Each structure stands twice: as structure tokens, then as C-alpha cells.
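Every number here is computed from the coordinates shown, using simple stated rules; none is lab data. Owing to the predicted nature of the structure, the values given are computational and were not obtained by experimental measurement. Neighbour counts are summed over all protein chains in view; Cβ atoms, including those assigned to glycine, are modelled from backbone coordinates with ideal geometry.
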Amino acid sequence: MDKKIRFNKGQRIIAFIISLVFLFLSIPNLNVLATDKEFDNGSNVKIEKITNIQSHNLYKLCKVWGFVKYYHPKIATEDINWDYELFRIMPIVLNTKDDKELNKVLYEWINKFGDVKIFAQNESTEGEIYLSPDTSWIESREFLGDDLSNLLVKISKCDRNYEKHRYVEINPNLGNANFKSENSYSNMNYADSGYRLLALFRFWNMVDYFFPYRDIMDEDWDEVLKKFIPRILEGNDEKSYKLSMVKVSKYIQDSHVFHGDQKGMLYKYFGEYISPIKIDLIENKVVITNVNKDIDSNTKVKNGDIVLKIDNKDIFQLMKEKEEYISFSNSKNNFSKLSSYLLRSNKKEVEFEIERNGEIFKEKLQYTDDYSKTEVKEKSHKFIDNNIGYICPGSLKINEIHDVMKKFKDTKGLIIDLRYYPLDFIVYTLGAYLMPKAEPFTNITVASLKNPGEFRALPESLTVGYNNPDYYKGKVTILLNGESQSRPEFTAMALRCAPNSVIIGSDSVGADGDIIWMRLPGGLNISMTGIGIYYPDGRQTQKIGIKPDIRVTPTINGIKEGRDELLEKAIEVISQSKK
């Protein structure tokens with residue numbers, strides 16, 4: 001059978017991020033109050049060596065500043081530059097000596113923005129609550145004192161029935177947050193303590209109020225904040241600042257976390273060039289699974305070779321170093337994303353130490369910055385053994401589906417290869433041919449402006465298919481593996497509702513739901529998942545992934561022999577099925 005060529009999904013993701021960076025560059029910065037220019041040239045906050053008291057004070061300031069930003073109607077609707085208000089209060093906060101004084105300072109600061117009216121109803125009455133705001137701390141008089149606690153509780157109950165918020169919008173079509181009005185301060189002074197803290201505060205609160213999976217993070221999000229307040233102040237250059245923000249983003253445990261950098265520093269730091277090979281972790285060894293001759297036509301490495309070192313560094317040590325910068329939904333299923341970092345370099349020629357059949361040798365591989373050479377080469381569809389239809393979503397266009405299914409109408413079975421990221425959104429179009437009736441396949445949770453931090457399910461589960469007595473009657477096999485992330489996972493959830501369907505392979509990544517981008521100072525952009533994806537019965541998919549019905553993983557011998565063992569299993573399952 002033909003050996004399919006699959007390219008590293010991580011490499012394609014990197015190319016996608018690059019395009020997004022240029023997209024962000026084309027979006028104008030929207031300063032919410034153009035007349036407030038006091039801190040345009042710097043925050044005037046300089047912290048040489050932070051004390052424990054100052055760190056504690058900044059922790060409390062971050063929480064209060066973020067809560068008021070998203071809950072106070074005047075901050076939401078009036079021309080108040082909330083970033084610059086942070087810079088105004090920060091020096092005072094840094095100089096307070098105890099909690100009593102700090103609580104008084106914060107109370108007087110927030111109170112000056114005017115009184116708020118308590119409103120009877122902010123919550124929606126539709127949809128089950130999957131995640132409630134984590135705002136119980138505002139009721140703690142021990143933490144805030146009586147006056148500040150009472151004020152924040154009152155703000156939590158005020159009227160937020162406004163259609164637009166100054167700093168965040170909810171996408172009416174998707175239900176995720178949009179932070180497009182945030183100022184990216186692309187010309188910030190990287191030694192400026194105030195702007196560094198602003199970045200951390202902004203990011204921390206965006207996650208706290210608009211990340212749908214806040215409740216399943218392993219580490220307490222408050223403890224992460226406490227840990228990174230002193231860390232973000234370490235260093236005075238672009239590299240130290242941006243790498244600190246990259247490291248804090250790891251803690252949300254979301255494989256949808258990517259980093260866009262308008263200035264390109266991160267791109268250069270992690271490597272501008274990509275490798276001609278693809279690797280996977282098989283039988284506890286790093287194995288070459290594909291060699292892209294379009295990038296390096298002369299290389300002697302082969303599929304099944306074991307990678308021992310890259311540029312004289314042990315591959316497993318290199319993995320540990322790279323993991324420090326990467327957010328994984330599932331630490332046990334992280335190699336797809338990790339491999340894209342392992343195979344990046346700032347050199348056009350990289351030396352690999354390889355083991356083949358017990359012999360060790362070195363080979364220099366040619367790298368490239370031409371991402372077009374990693375594009376999917378598989379055809380959108382083909383026949384296998386004349387009676388099996390194979391579909392590659394990575395190159396399948398939505399307007400092809402009718403003709404493809406017409407060709408495959410009388411086949412014994414279908415193979416839908418979701419190891420590829422679908423080129424188009426095919427869930428409903430392809431699903432309509434596979435279902436005899438509408439089937440619920442997911443509950444989606446969406447963010448809230450009325451009650452920030454809350455995620456409610458849409459009133460009804462999403463369904464796929466319709467009443468169709470002429471649906472496809474053959475066996476439907478769906479291939480998944482550790483590269484299947486987001487759209488492949490969503491597609492698999494839907495298509496596995498087809499009668500006589502089966503998923504073959506290994507656990508998917510566990511990162512589903514449309515991503516949102518957070519604009520941060522210094523031209524830094526960080527993404528995360530913006531909506532929650534669950535099964536209709538409420539089971540989570542984030543961090544767990546889609547589980548196969550038949551578990552099959554590649555073997556080193558299979559790779560050496562040029563076999564696609566998942567595809568072989570799908571053919572076997574179809575051949576043994578009854579139609």
C-alpha cells in the first residue's frame with residue numbers, strides 16, 4: 001500500500017502563528033482614553049529588589065484591579081484608562097506597610113470611581129452553569145477589611161446589562177471573549193517594572209475570568225500569581241520579560257496556548273528554521289517517522305531511525321529544557337507539540353546522532369524556513385482495495401464532499417483520517433451523509449459579561465445529521481492519534497455518532513474549543529481556549545482527549561517497514577464487518 005506522508009502538525013501551527021502575528025500588526029492599537037497620556041513614556045514604577053510585603057501587596061492589587069476591571073460598570077462603559085489607573089495606585093501600594101493600611105488605600109481608590117446600584121438579576125436563566133466565578137475572596141473581611149469587602153460585594157451585585165464592555169467583548173457567534181481593545185504597548189521599555197506587572201496582571205485576570213477550564217488546572221491559580229510577581233521583575237530586557245510570560249502561560253495546561261510576538265524575538269529564540277524530519281515517541285524512544293525530501297533531498301536518515309542527540313545534546317535532556325516553555329493539556333500526551341520545539345533551530349544545518357540497528361552515526365540535516373514545504377501531500381480521497389473509501393480531511397474541501405460521498409456510496413467502509421487537521425469545517429456537511437437522524441454530540445459553554453468568570457452551556461446540545469434514510473450504511477472508521485487537536489477532536493466527537501462507527505488509534509490531545517488571543521504589553525500575544533467543549537452528558541474532553549474504541553499505536557518495526565499500522569487496522573476492521 002502507499003505510504004502516506006504526514007508533516008509535523010506543530011510545524012504547521014508555527015506557520016499559523018506567524019501569520020497571526022502579522023494580523024495583529026495590522027490591527028490598530030485602541031487606547032481607551034486617548035487624552036490620558038501620563039504614562040505613555042513609562043509607568044514611573046521601578047522596583048530594584050522586591051520585598052515580601054510588596055509582593056503580598058501586589059498580589060492583592062492584582063486581584064482587586066482585575067475584579068473591578070470586569071465587574072464595575074463605570075470601568076466597563078466610561079473612558080477610564082484602567083492600565084494607567086494601575087500605574088497611579090501602584091507606587092502607593094508598594095509603600096504601604098500592612099494590610100490595614102493597604103485595604104484603606106484600595107477602598108479609597110475604588111470608591112472614587114463613584115457609587116454603583118445593586119441590581120436584582122445579572123445571571124442568565126438559560127443553560128446549565130458549568131463554571132462559576134471564583135470570587136468568594138471578595139467576602140473575606142480578614143483579607144480585605146470591612147469597607148473594601150463591602151464595596152467589592154456591592155460591585156458584584158450591580159447592573160451589568162450593558163451590550164459592550166470597554167475592555168472585552170463576547171463574540172456573538174462563538175461565545176468566547178475578544179480582547180481586541182487592549183493596548184499592546186509595542187514600544188514599552190522592557191526594564192519598566194510597572195509595565196511588566198501590568199502584563200502579568202492583565203494575563204492572570206483574563207485567564208481567571210475568561211478561561212473555561214480554570215477549575216481543572218493542577219496548580220492553584222492564585223499561587224501561580226504569587227510565584228510570578230517576583231519572577232516577572234527579574235531582568236530588564238525583552239528576552240527576560242517575554243520568556244517569563246511564556247513560562248506563566250504554561251500553568252493553565254492548555255495545548256491551545258501559543259505565543260505571537262510582533263517583534264519576532266520569540267520566533268528567533270525558539271528557532272527560525274524547521275527540520276526535514278518528523279519524530280514521535282515510540283516504545284520510549286524518539287523515532288524518525290517521516291523524512292521530507294522536499295527540505296533535504298540528500299539526507300541519509302530513514303524512517304525508524306532513533307534520535308539520540310541533537311547538536312550533541314541528549315534528546316531527553318533537550319525535551320526537559322523545552323517543556324519549561326510549553327503549555328500541555330495532558331502531560332502524558334504532549335510529544336506532538338514538544339517535537340515542534342525540538343526540531344526548530346537558528347541554524348540551517350543541524351547535527352543529529354542516530355541509532356540504526358544497533359549502530360550509531362552522525363548526520364547533518366538541512367533545515368528550512370520555507371513552511372510551504374510542510375503542506376499536506378495526501379489527496380483528499382481515494383479508493384483502497386476498490387471497496388474502501390479513504391478521506392483525508394487535511395486536503396478535503398467542503399464543496400467536494402457531495403461528490404466524494406457519491407463515489408463511496410456503495411463501499412464496504414470509510415476511513416476518515418483525523419490525524420490530519422481538517423482543511424475546512426466538515427462536521428455538519430460530512431456528518432449529514434453518515435447519520436440517519438440528528439444526534440447530539442456536544443455541549444458548549446460560553447463566557448459571560450453579566451457575571452464574569454461564569455461559563456454556561458448553550459440551552460441545547462449541538463446536533464449533527466438529520467432525518468436521512470439514505471445515509472451511508474457501511475462501516476465508518478475514524479483515525480486519531482496524539483497529533484489530533486481541536487478541530488479533529490470536535491469532528492471526531494460528531495462523526496462517532498454515526499451508526500457502525502469506531503475510533504481507532506490513541507488518545508487525542510485534549511484541547512478543543514475556539515481559541516482567543518490576549519494582547520499584552522511589548523507586542524506579545526498569548527492564546528488559550530475560549531469556550532468549553534463537553535459531551536452531552538457533561539463529561540469533559542479538555543486534558544482527557546477523545547478516547548479510541550480500538551487502541552493502536554505505531555511500532556518501531558512498523559515504521560521501519562513503511563507500514564501505517566492505524567490504517568492497516570482500519571482496513572482489517574472494515575474487511576471483517578458485515579454490510
Item checked: Kirkwood hydrodynamic radius (C-alpha pairs) into Stokes-Einstein, the range 17-263, 25 °C and 0.890 mPa s, D in µm²/s -> 128
Check: Could the peptides 421-430, 402-411 be put in order, highest first, of the mean number of other beta-carbon atoms found within 10 Å of their residues?
Finding: 421-430, 402-411
Next item on the list: Would you mind getting me the FRET efficiency between Glu572 and Lys406? Use the beta-carbon distance for r and R0 = 22 Å, nearest 0.05.
Entry: 0.25
Checklist line | Among Leu396, Thr463, Leu225 - extreme Cα towards positive end, dipole of the chain, charges at beta-carbon | finding: Leu396
Checklist line | Whole-Hz ³J(HN,Hα) from phi, Karplus 6.51 cos²θ - 1.76 cosθ + 1.60, for the range 438-453, glycine and proline x | finding: 5, 10, x, 10, 7, 9, 10, 9, 10, 6, 9, 8, 5, 9, x, x
Note to self: As I understand it, the dipole of the chain uses +1 on the Cβ of Lys and Arg and -1 on the Cβ of Asp and Glu, about the Cα centre. Which of Ser486, Ser380, Tyr251 lies farthest toward its positive end?
What the structure shows: Ser380
Notebook entry, point to check: How many lysine pairs in the range 468-579, separated by 8 or more positions in sequence or lying on different chains, have Cα atoms less than 24 Å apart?
Noted result: 12
Next item on the list: Determine which residues of the range 554-573 fall in the zone a paramagnetic label at Lys285 would reach in this model, i.e. backbone nitrogen under 15 Å from the point 7 Å along Cα→Cβ.
Entry: 554-562
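In the structure displayed, which of Lys60/Lys320; Lys239/Lys278; Lys263/Lys322; Lys242/Lys373 lie more than 31 Å apart, Cα to Cα?
Over 31 Å Cα-Cα: Lys60/Lys320.
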Next item on the list: Over all alpha-carbon pairs in the range 87-183, figure out the percentage whose distance exceeds 21 Å.
Entry: 51
Next item on the list: May I ask you to sort Ile574, Ile315 by Cβ crowding, counting other Cβ atoms within 10 Å and putting the fewest first?
Entry: Ile315, Ile574
Margin query: In whole Hz and in residue order, list the ³J(HN,Hα) couplings for the range 289-306 that follow from phi through the Karplus curve 6.51 cos²θ - 1.76 cosθ + 1.60, θ = phi - 60°; x for Gly and Pro.
Written below: 10, 7, 10, 8, 5, 5, 8, 9, 7, 10, 5, 9, 5, 10, 4, x, 5, 9
Next item on the list: Tabulate in residue order the Karplus-calculated ³J(HN,Hα) for the range 182-194, using 6.51 cos²θ - 1.76 cosθ + 1.60 with θ = phi - 60°, rounded to whole Hz; enter x for Gly and Pro.
Entry: 5, 7, 8, 6, 5, 9, 4, 7, 5, 8, 6, 4, x
Checklist line | Backbone N within the range 254-293 under 20 Å of label point (7 Å from Asp237 Cα along the Cβ vector) | finding: 261-272
Notebook entry, point to check: Among Val207, Val224, what is the fewest-to-most ranking by other Cβ atoms within 10 Å?
Noted result: Val224, Val207
Note to self: Which one, Val93, Asn443, Ile129, is farthest towards the positive end of the dipole of the chain when Lys and Arg carry +1 and Asp and Glu -1 on their Cβ?
What the structure shows: Asn443
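If each DSSP helix of 4+ residues adds -39,500 (n - 2.57) and the sum is divided by the residues in the chain, what number results at 222 nm, nearest 500 deg cm²/dmol? Numbers along the way, then the final one.
Working: 18 runs with 190 residues, N = 579.
Computed mean residue ellipticity for the chain: -10000 deg cm²/dmol.
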Item checked: Zone residues, the range 410-437, relative to Ile398, backbone N less than 16 Å from point 7 Å out along Cα-to-Cβ -> 422-433
Note to self: Using square roots of five times the C-alpha gyration tensor eigenvalues, list the equivalent-ellipsoid semi-axes of the chain in whole Å, biggest first.
What the structure shows: 46, 30, 18
Note to self: Please rank Arg202, Arg539, Arg356, Arg160, fewest neighbouring Cβ atoms within 10 Å first, as an exposure proxy.
What the structure shows: Arg539, Arg356, Arg160, Arg202
Note to self: Can I get the semi-axes of the range 273-368's equivalent ellipsoid? Compute them from the C-alpha gyration tensor as square roots of 5 times the eigenvalues, in angstrom, largest first.
What the structure shows: 21, 15, 12
Notebook entry, point to check: Between Val476 and residues 5 or more places away or on another chain, which pairs have amide H atoms under 5 Å apart, with H built 1.01 Å from N, and which residues are they?
Noted result: Leu414, Ser501, Val502
Notebook entry, point to check: From the square roots a ≥ b ≥ c of the eigenvalues of the alpha-carbon gyration tensor of the range 372-482, which class results: rounded (a/c under 1.5), prolate (a/b over b/c), or oblate?
Noted result: oblate
Notebook entry, point to check: Magnitude of the Cβ-charge dipole of the range 472-579, K/R +1 and D/E -1, about the Cα centre, nearest 20 debye?
Noted result: 280
Margin query: Give me the count of lysine pairs in the range 97-186 whose alpha carbons sit under 30 angstrom apart, restricted to pairs 8 or more positions apart or on different chains.
Written below: 22
Notebook entry, point to check: Which value in nm describes the separation of the simple spin-label points at Lys74 and Glu126, placed 7 Å from the Cα toward the beta carbon?
Noted result: 3.3
Next item on the list: For His256, enumerate residues with amide H under 5 Å from its amide H, sequence gap 5+ or separate chain, H modeled in the peptide plane.
Entry: Thr529
Item checked: Placed amide H near Leu423: partners under 5 Å, 5+ positions off or other chain -> Gly394, Ser395, Leu396
Check: Under unit Cβ charges (Lys, Arg +1; Asp, Glu -1), what dipole magnitude, rounded to 20 debye, does the range 17-263 have relative to its Cα centre?
Finding: 540
